[in-house]
Amino acid sequence: MSNKAEQEPKVIPIIPQEVQAPAAAPDDGEEVMVSLYAAHKTIYPRSVSGLFSNWRWGMVWLTQIIYYGLPWIDWGQRQAVLFDLSARRFYIFGLVLYPQDFIYLTGLLVISAFSLFLFTAVAGRLWCGYACPQTVYTEIFLWLEKLAEGDRSARMRRDSGPWNAERIARKTAKHTMWLLVALWTGFTFVGYFIPMRQLGSVFMQGQMSALETFWAFFYGFATYGNAGFMREQVCKYMCPYARFQSAMFDKDTLIVAYDKERGEPRGARSKKADPVALNLGACVDCSLCIQVCPTGIDIRDGLQYECIGCGACADVCDGVMDKVGYARGLVKYSTENAVNLHWTRAQTLRHVLRPRVLLYSAILGTVVTAMAVSLSMRLPFKVDVVRDRGAMAREVEGGRIENVFRLQVMNATESTQRYHIAAEGIEGMVVASDPDVTLESTQSRWVPVRLQIPFGAAEPGSHPIHFEISAVDGSGKLSEKSAFIVPR
């Protein structure tokens, strides 16, 4: 029995060096730093072509044409899209909004949120994979990196070698292009708040204000840092969406999925070999799906929160399947139920209309409809009523009681407008000041208004009244509440 015990090998658990704690402190009392985290590894995404890559680049072109182009489009005598903070006006083509229209911003945020919920419930992280600024600018920066330094293998080989003149020249060219794109992005961002042509003029003259310069460089260097250096770390560690997306997923959500039943056991083989005879699945274990992944994950390990749903692994896998003569779709957009239950495409799509999708769609449709109706019925002017604090109520010539109000009248049209002011609520009430006011296009003005009533027309105290403001051209009429005070 002792001989048997001596022959049995001892099993010693191996702890990775990064997390292994020393059994005892060194004799000399020196402190030892023990790392509990894996060191960050640089990811070199491989270039890929295919259906989803084309869609991704299509979204890059679409979003950037809109972003860079909008500030240069004119609408009448002004910039088509301009958020003029100094004048407190927001121009969106023919629409002029004031701070009082904050409800529309709220509606826009609600629409954006439920759109994100709906798209995520239907097809996963579509926003992350195709339209998120982090994804879009990372794609642009990767393309510039390839232009300057070559493909993936060339970059890896050069980065692992010594610094030389060629490496320095290529790195310099890459960072120069990155900085130019980033600074132009920051400059364009400021152009949404300062008229772009005016901003360009002061820039050429070297007269940009400190605030304009700060935001241009801040947004530019944020783009440079996020897209050039942080890349997948933003998606993995900084973006909250990656953390709560699972709450919107279910087994009928379209995701990038690996067909494990078909692909396993994986293994290399010659093109002419019979995988059935070798007891192998369709996966040739080429690792290209890992090489093209912008976050460096292995989709064959199942869905992971780092996956942004870009479909790069599906594109490259389809290419490999074509080369070895196997059917496409080993990695594809599908659902968990569709993969496990072997559903056809038609069966998969039929399960899209499930309760949560219908609920999101109903809420989104309701909010969009309400916003559209509200905008269509929105009057082209606004009025705010404030009592004059200098004189609450007073008796004037002729024994009449007078209250003074201040009306802020805002013309939300692109043409000069004339407005007529009237008031009602107490018998005999008249507007003693000029009842008409003329405003230039998109102008706002505080107008003093004096209301008078005959003495004894109302009991002492506060009485509700209404101001009636109407556009002379008949484009609308607005009623605002206030109160007339009769002194005791």
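The values are calculated or read from the model by the stated rules, or taken from the named source; none is laboratory data. Please read these numbers as outputs of a predicted model, since none were measured by experiment. Cβ atoms come from the backbone with ideal geometry, glycine included; neighbour counts cover every protein chain shown.
Out of (1) touching a residue at least 40 places away in the same chain (Cβ under 8 Å); (2) within 16 Å of Glu264 (Cβ to Cβ), what's the single condition that is false for Cys317?
(1)
Checking Arg300 against (1) in contact with a Gly (Cβ under 8 Å, 6 or more places away or on another chain); (2) among the basic types (Lys, Arg); (3) surrounded by fewer than 13 Cβ atoms within 10 Å (Cβ to Cβ), which test does it fail?
(3)
Select the strands (runs of 3 or more DSSP E) contained entirely in the stretch 370-488, then report the ones holding at least 2 residues which are in contact with a His (Cβ under 8 Å, 6 or more places away or on another chain) and loosely packed, with under 13 Cβ neighbours inside 10 Å. Before the answer, list the steps.
Numbers: elements: 381-387, 394-396, 400-411, 417-424, 436-439, 444-454, 461-471, 477-486.
In the stretch 370-488, the matching strands (runs of 3 or more DSSP E) lie at 477-486.
Report, ordered by the first and then the second residue, all pairs with beta carbons closer than 7 Å, sequence separation of six or more or different chains, a first member in the stretch 256-284 that is closer than 21 Å to Thr335 by Cβ and in contact (Cβ under 8 Å) with a residue 60 or more places away in the chain, and a second member that is small (Gly, Ala, Ser) and outside any loop (DSSP other than H, G, I, E, B).
Val256/Ala314; Ala257/Ser334
Quickly run through the stretch 198-209 and pick out the residues that are assigned to a helix (DSSP H, G or I) and either among the aliphatic types (A, V, I, L, M) or in contact (Cβ under 8 Å) with a residue 40 or more places away in the chain (or both).
Leu199, Val202, Met204
Restricting attention to the stretch 120-135, does a residue exist that is at pLDDT 90 or above and assigned to a loop (DSSP other than H, G, I, E, B)?
yes
Looking only at the stretch 297-314, which residues are touching a helix residue (DSSP H, G or I) at 6+ places or on another chain (Cβ under 9 Å) and closer than 22 Å to Pro265 by Cα?
Passing the criteria: Ile297, Asp298, Ile299, Arg300, Gly302, Leu303, Cys313, Ala314.
Which of the following residues is farther than 30 Å from Lys251 by Cβ, in contact with a helix residue (DSSP H, G or I) (Cβ under 9 Å, 6 or more places away or on another chain) and surrounded by 14 or more Cβ atoms within 10 Å (Cβ to Cβ): Arg125, Arg88, Arg170? Show your work before the answer.
On the way: Arg125 fails: farther than 30 Å from Lys251 by Cβ; Arg88 fails: surrounded by 14 or more Cβ atoms within 10 Å (Cβ to Cβ).
Exactly one of Arg125, Arg88, Arg170 is farther than 30 Å from Lys251 by Cβ, in contact with a helix residue (DSSP H, G or I) (Cβ under 9 Å, 6 or more places away or on another chain) and surrounded by 14 or more Cβ atoms within 10 Å (Cβ to Cβ), namely Arg170.
Just to be sure, is Gly399 within 23 Å of the chain's Cα centre (by Cα) and over 19 Å from Ile421 (Cβ atoms)?
No: the conditions fail for Gly399.
Looking only at the stretch 104-130, which residues are without any contact (Cβ under 8 Å) to a residue 24 or more places away in the chain and among the β-branched types (Val, Ile, Thr)?
Answer for the stretch 104-130, where residues must be without any contact (Cβ under 8 Å) to a residue 24 or more places away in the chain and among the β-branched types (Val, Ile, Thr): just Thr106.
What residue, of Tyr305, Tyr333, Tyr360, is in contact (Cβ under 8 Å) with a residue 60 or more places away in the chain, touching a strand residue (DSSP E or B) at 6+ places or on another chain (Cβ under 9 Å) and among the aromatic types (Phe, Trp, Tyr)?
Exactly one of Tyr305, Tyr333, Tyr360 is in contact (Cβ under 8 Å) with a residue 60 or more places away in the chain, touching a strand residue (DSSP E or B) at 6+ places or on another chain (Cβ under 9 Å) and among the aromatic types (Phe, Trp, Tyr), namely Tyr333.
Report, by residue number, each residue of the stretch 285-294 that is surrounded by fewer than 19 Cβ atoms within 10 Å (Cβ to Cβ) and touching a residue at least 40 places away in the same chain (Cβ under 8 Å).
Matches in the stretch 285-294: Leu288 only.
Do we have any residue at all in the stretch 395-407 that's closer than 21 Å to Gln100 by Cα and not aliphatic (A, V, I, L, M)?
Keep residues of the stretch 395-407 that are closer than 21 Å to Gln100 by Cα, which gives 405-407.
Still in the running and not aliphatic (A, V, I, L, M): 405-406.
Yes.
Being within 23 Å of Arg88 (Cα to Cα) and either free of Cβ contacts under 8 Å to residues at least 40 places away in the same chain or not in a helix (DSSP H, G or I) (or both) is the filter here; which residues of the stretch 157-196 pass it?
Within the stretch 157-196, Gly186, Phe187, Phe189, Val190, Gly191, Tyr192, Phe193, Ile194, Pro195 meet the criteria.
For the stretch 437-485, how many residues meet the condition of being more than 26 Å from Val396 (Cβ to Cβ), of a type in the set (Val, Ile, Thr) and in contact (Cβ under 8 Å) with a residue 24 or more places away in the chain?
2
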